[in-house]
Each structure stands twice: as C-alpha cells, then as structure tokens.
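The numbers here are math on the coordinates, done by the rules we state, and not lab data. Source: prediction; values computed, not measured. Positions of Cβ are backbone-derived with ideal geometry, glycine not excepted, and every protein chain shown enters the neighbour counts.
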C-alpha cells in the first residue's frame, strides 16, 4: 500500500475525528480543533488515496515537548503507519534538542509500550492523568 506523509497544520479534521472515534478516544469539537492547531508546534498526517489514516502532534515550549494523539485508523494498524508518524516526530524532536520529551498513550492498550520502546521511550512510574468527572 502506498502512503504519503504530510507535515503541517492543514489537516483533515473530519478524517482525524473518525480515527479518534474508531479507536475510542472520541472527537474534538470544532472550537477545540482551532486550539489544537494553534497550540501544536508540529503536526504530521499519513494519507492513503487522499484520506488521512494516521495523525500525531507535538506541543512544546522549546525546552520540553509532549507528544499527543498518535492515532492510526484501525484498518491501517500494524502496516507501518505508526512508524511513519513516529519517525517524522523524532526528526522534529532531534532537530530541536529538547531537554525532555514525554509521550501520552493509553497504557491499557497492551503492546503499545513495546511499540514506543523501539523509538527509545521508557515507562515512567510517576505519570498521572486527571480523571474526568461524570
């Protein structure tokens, strides 16, 4: 299968919302997409036949960086799309020499830790997330 990589904030939010919904993360509201684009310092998408099938982004302050939303359409998982996304992110990370780089991912998704380890990430015992109020 042929994929193309697109870097930048010109993204197809409808395609990305579909991916986020399919993997169980939910969708962003239109106003949230405005903020996501504004606050993200790096965005990368992977496309197949003009349709976005993978997405990831970085938010940073030039000293520390946080990787968010590494998401691949379920029909394209385990086909190298996540690796394409991570390789582009690492190019950005390495070019900017951040002191710390953190990654948010769903620790309940078994196997993802091994995926990220192959890029040099390590588990941290001190990470926490604020629980949403129901």
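Using the rule -39500 (n - 2.57) for each DSSP H run of four or more residues, divided by the residues of the chain, the 222 nm mean residue ellipticity is -9500 deg cm²/dmol. Sorted fewest first by neighbouring Cβ atoms within 10 angstrom, 52, 13 come out as 13, 52. Across the chain, the relative contact order, built from alpha-carbon pairs under 8 Å that are at least six residues apart, equals 20 percent.
Can you put 103, 123, 85 in order of Cβ neighbours within 10 angstrom, beginning with the fewest?
Sorted ascending by nearby Cβ count, the order is 123, 103, 85.
Footprinting exposure proxy ranking of 2, 40, fewest other C-beta atoms within 10 angstrom first, gives 2, 40.
Only bridges with both residues in the chain count here: give the DSSP antiparallel percent, nearest 5. Once the DSSP bridges in the chain are tallied, antiparallel ones form about 80 percent. Gain on full extension, evaluated as 0.36 nm per residue between residue 107 and residue 49 minus their Cα-Cα distance, stands at 17.8 nm.
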